[in-house]
Structure formats: structure tokens, C-alpha cells
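Here the structure is laid out as C-alpha cells; the discussion comes afterwards.
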Amino acid sequence: MGPENSSGPVVAYMDAQPVDISQPLPEITPGGVSAEDAAEAMATASKAWADLSITMEVAAEGIQEFFHAMELASAVWLARIFEPELVHRYVHTKKKRIRKKYEKRILAWFREVLG
């Protein structure tokens, strides 16, 4: 996410497809602004803001998933030392439901230890 260069439009990617946020804002000079020009500028700005807010929502979801994965990795790594039975069952379980159960237990233990 971000501009290709400092003067280009901002480009974000959703599902590996680029979402172009390229509505250029019109230049407004003091003294020469009519009501129609101001309304048009506001409409363009609202479209650009809508595109940007969608991009920010997608980025926030990705960041949240990343931090959850980092927390789980840290919890499993620390639990290997202090709670090896939980980790053994978590790693060697094939069923998703049971694996999720041990994931919750490991995360609860980790949060309790770190307080």
C-alpha cells in the first residue's frame, strides 16, 4: 500500500487486485472559487476518502491477523519449555476443532503468565 513514487496515486491491493485511489483533487485558489466548484471538490474528496477508508479497513484486518499469529507463535514457543504436554497435543492433533481447543488453552496460559 502506498504511492509508486512521491507524485503518483496511492495504490492498495485487495485479493491481489490493485484498488486505484486516483481521484485527483482539484486545485482551489483563493478568490476564484464558486459554489459549484466547491461542491465538485467536496464530491471528489468524499470519493477519495471512501476509497482510502476501505483500504485502511483491509490493512487493519491484516495487521490484526499478523499480531494474533505473532502472539500464538510466542505462546507456543514459551509453552514448549513450561507446558510441553499442551504443545505436544497442539502440534500432533489433526482435527481442527481439537487443535483450536489447545490453541485457546495455550493462549490463556500465555496471557496469564505475562499478565
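Structural remarks
- Residue-level check: of (1) open to solvent by 60 Å² or more (accessible area, probe 1.4 Å); (2) at pLDDT below 85; (3) among the hydrophobic types (A, V, I, L, M, F, W, C); (4) assigned to a helix (DSSP H, G or I), A41 misses just (1).
- Of all residues in region 86-102 being among the basic types (K, R) and in a helix (DSSP H, G or I), the one that is surrounded by the fewest Cβ atoms within 10 Å (Cβ to Cβ): R97
Yes or no, residue by residue, for (1) closer than 30 Å to A16 by Cβ; (2) open to solvent by 100 Å² or more (accessible area, probe 1.4 Å):
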position: K47; (1), (2): yes, yes
position: S53; (1), (2): yes, no
position: W77; (1), (2): no, yes
position: K104; (1), (2): no, yes
position: L114; (1), (2): no, yes
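- Selection count where residues are touching a Ser or Thr at 6+ places or on another chain (Cβ under 8 Å) and charged (D, E, K, R), scope region 59-115: 1
The values are calculated or read from the model by the stated rules, or taken from the named source; none is laboratory data. What you are looking at is a predicted structure, and each value in this text was computed from that prediction instead of being measured. Every residue, glycine among them, receives a Cβ derived from its backbone with ideal geometry; neighbour counts consider all protein chains shown. When the accessible area is computed, the model is the full protein with side chains, heavy atoms only, and any ligands, DNA or RNA have been set aside. Shrake-Rupley method; radii C 1.70, N 1.55, O 1.52, S 1.80 Å.
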